[in-house]
Amino acid sequence: MTRFVTVANVSEIGPGNREVFDIEEHYIAVFNVDGTYYAIEDVCTHDDGPLADGELYGFQIECPRHGARFDIRTGAVLSMPAVIPVPRYEVRVEGDDIQIGFED
């Protein structure tokens, strides 16, 4: 069962922006791409670096340390040196609240 946690108001993360939240011992990066929100763990699976500090190219986030790329929609690895996908989280908007889903 999925439990949703409110992390922000839609006015706090404008199109093209991202924010990182410390939720239940996880750093989660929430991205707004053209009004749709995506959430992934803010930790590169290659070297534990912060992904949200990297450049966003469409739906691809590039780790600022070594250039690994991940798809923010799925968490999939798109380029080396990473080989393990980054965890992704379901996102929903309820009213003006951005909520992240956690599996119980």
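The values are calculated or read from the model by the stated rules, or taken from the named source; none is laboratory data. Since we're looking at a predicted model, the values are computed, not measured. Please note: Cβ atoms are built from the backbone with ideal geometry, for glycine as well, and neighbour counts cover all protein chains shown. Surface accessibility is based on the protein's heavy atoms, side chains included, excluding ligands, DNA and RNA. Shrake-Rupley method; radii C 1.70, N 1.55, O 1.52, S 1.80 Å.
Summary table below
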| read-out | value |
| --- | --- |
| Heavy-atom accessible area order for Val86, Val20, largest first, 1.4 Å probe | Val20, Val86 |
| Lys, Arg +1 and Asp, Glu -1 on Cβ, resulting dipole of the chain about Cα centre, debye, nearest 20 | 380 debye |
| Average accessible area per residue (Å²) across the chain - probe 1.4 Å, nucleic acids and ligands excluded | 54 Å² |
| Two-site label geometry, Thr2 and Asp53: point separation in nm, points 7 Å out along Cα→Cβ | 3.1 nm |
| Heavy-atom SASA rank of Ser11, Ser79 (probe 1.4 Å, accessible area, largest first) | Ser11, Ser79 |
| At most 10 other Cβ within 10 Å, DSSP loop - GluC sites (Glu not before Pro), the stretch 1-52 | Glu24, Glu25 |
| For Asp42, net neighbour charge (Lys/Arg +1, Asp/Glu -1) across residues whose Cβ lies under 12 Å away | -3 |
| Integer Hz, Karplus 6.51/-1.76/1.60 couplings in order for the stretch 79-96, x for Gly and Pro | 7, 5, x, 6, 10, 10, x, 8, x, 10, 10, 5, 10, 9, 10, 10, x, 9 |
| Sparse-neighbourhood loop sites, trypsin sites (Lys or Arg not before Pro) in the stretch 32-98 - DSSP loop, at most 16 other Cβ within 10 angstrom | Arg65, Arg73 |
| Net charge contributed by nearby residues that have their C-beta within less than 12 Å of Ser79 (K/R +1, D/E -1) | -1 |
| Coil-residue GluC sites (Glu not before Pro) of the stretch 60-104, DSSP, other Cβ within 10 Å capped at 16 | Glu90 |
